[in-house]
Structures are given as C-alpha cells and as structure tokens.
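Below is one structure, written out as structure tokens; the observations come after it.
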Amino acid sequence: MRRKDAAFPGVYQERQASPLDKRNVCIHCMSEKAQQSDACPRCHKKNEHYTPSSHHLPPLTLLNNGKYLLGRVISEGTSSITYLAMDTNLRMPVAVKELFLNDICHRNSGNSVSVPTSAMQLFAESKNRFLMEARLLAMFNDADLEGVISVKAHFEENNTAYVVTEHLSGITVKEYVQQNGAFNMVNATNIIQTVGVTLAHMHRMGYIHTAVGPDSIILVGENKVKLTNFGSVRKIGEPISDNSISFVRDYAPPEQ
C-alpha cells in the first residue's frame, strides 16, 4: 500500500472508493482529480495546457481493452514514442512505448498506424526487434538484475506494437551532468558498479548491450541506477547485418 500512496499522494483512499473516470485523470502526471476542469492537485497543471502532435495518440486514449490509459508523451525517437500512462487496474503510473518509425509510419484517423507497401517488410522486422526487446527485458527481470528497467507487458494494437514498463521518474546521466556538473566519487562509483554488475550478468547470459552511454543510464531517486535502451542488445556471436549495427558515438568500444 505504501508504494501506491507514494505514487499518488493523498488520493489513494478516494480513488479506490469510486470507479475510475478517465476525464478526471491528469495527463501530465496521471494523478486523479475531483473535476475534469480542475488543476491537478499534484502537479498543478491542467489537461488543456497540453497539445499533442498530430502523429501522437490523443491523451486519455485507452489501450489493451482499457487496461492502459495514456497521458502525455514522455519522449520520442526515430522509431518509437513513449507515453506516461496509468495501469487502470492497479491505478499506478507506467510507461507505454509505441513502435512508430517516423520515416515510414502514418497515423490514421482511427489511431491505427499504416506504412507504405514498399516498407512493410522493414516495419515487420522492426516490430519483431521491438517485441524481442520486451522479451529480453522480461528475461533479465527474471534474473533479478537490479539495474534493468522492469517490463510489465507487451501487446499488438493499432497495427503496431506496444511495450509497458515501470515509469522511471528520474533523469539521465547526461541531463544530470548538464544541470549539476561532474559527479562526486561516491555517486560515480555507485553508477559504475550498478551498470557493471548488470552488464556482467547480461554477458554471462550470452548477451551484450552495445549502446551504453550517458543517455541510456537513468538516475532514479537518490541512489537507484537503471540501464535502458535494450533495443540494441545482441546475442553474443550472432551475425550482424550492416542495417542492424548500432553504437553510441564517443562512448562505443574501440572495436565498434
């Protein structure tokens, strides 16, 4: 119960006493509020202050038979869009990542994704890799790797794929250094040890990450460190095509 109270302070008892009304959910932090037009008691923002891009799923969209309620976009890359969301069964915040390749994907009026016929094979291969990332994360979760983000579900909908993970409220190593300067020795050692232990376990399981860098390490709270960007994970010894090679410039090992 303490984890639920911490996620949505002051509203846990009230929300459990009544059914969820998605119109009263803050899309900025996924807290519940008394009225649709109210400012959020937690983040003090209003839903109407957010304007999504035309290719994003609209706020308060329900996915997977109503299990996940989408809020604002957290981040977007060339191949995916990540939304802050709520698990409507547990009333807990999660992150939902949607496969959406900017160069070839188009958002239709019914929220489904379409791609040109000439790009269907590329999209199918991307979807397979996307879902494989979720399965790898689940396998690493089963191995109880402390530095790996927790995956909760994956599913296909809207002619694309989705991966649901824990929502990490933190900043990347890159963002921290930009805002605060260099780490002290204690914090730097904690980061290196956590990432090192995580990678060592992955290597023993037969996998390599290939994309460790300041953008893929997230600092959560005061002492938790999480490694992300598992879409670049490769099985040791697996043949790699030119199209699947990835590395982090300035941080890749010399052989890359």
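The values are calculated or read from the model by the stated rules, or taken from the named source; none is laboratory data. Everything numeric here is computed off the predicted structure, so don't read it as measured data. Reconstructed Cβ throughout: ideal geometry from the backbone, glycine too, with neighbour counts over all protein chains shown. These area figures cover heavy atoms from the full protein model, side chains too; ligands, DNA and RNA do not enter into them. Shrake-Rupley method; radii C 1.70, N 1.55, O 1.52, S 1.80 Å.
Key figures
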item: The chain - share of DSSP beta bridges that are antiparallel (%, nearest 5); result: 100 percent
item: Alpha-carbon centroid distance for the pair region 60-96 / region 173-201, whole angstrom; result: 28 Å
item: Relative contact order, percent, the chain [alpha-carbon distance under 8 Å, six or more residues apart]; result: 12 percent
item: Mean Cβ neighbour count within 10 Å, used as a protection proxy, ranking 76-88, 188-200 highest first; result: 76-88, 188-200
item: Exposure ranking of His154, His55, His209 by accessible area [1.4 Å probe, largest first]; result: His154, His55, His209
item: Solvent-accessible surface (1.4 angstrom probe) belonging to Phe130, in square angstrom, nearest 10; result: 10 Å²
item: Shape category assigned to region 11-133 from the gyration tensor of Cα positions, a/c cut at 1.5; result: prolate
item: Magnitude of the charge dipole, the chain, Cβ model with Lys/Arg +1 and Asp/Glu -1, debye to 20; result: 560 debye
item: Accessible carbon and sulfur surface of region 49-131 relative to its total accessible area, %, 1.4 Å; result: 49 percent
item: Sequence of Glu48, Glu238, Glu98, Glu166 from largest to smallest accessible area, 1.4 Å probe; result: Glu48, Glu238, Glu166, Glu98
item: 1.4 Å probe accessible area per residue over the chain, in Å²; result: 57 Å²
item: Three-way shape call for the chain based on the alpha-carbon gyration tensor, with the a/c threshold at 1.5; result: oblate
item: Prolate/oblate/rounded label for region 36-89 (Cα gyration tensor, a/c 1.5); result: oblate
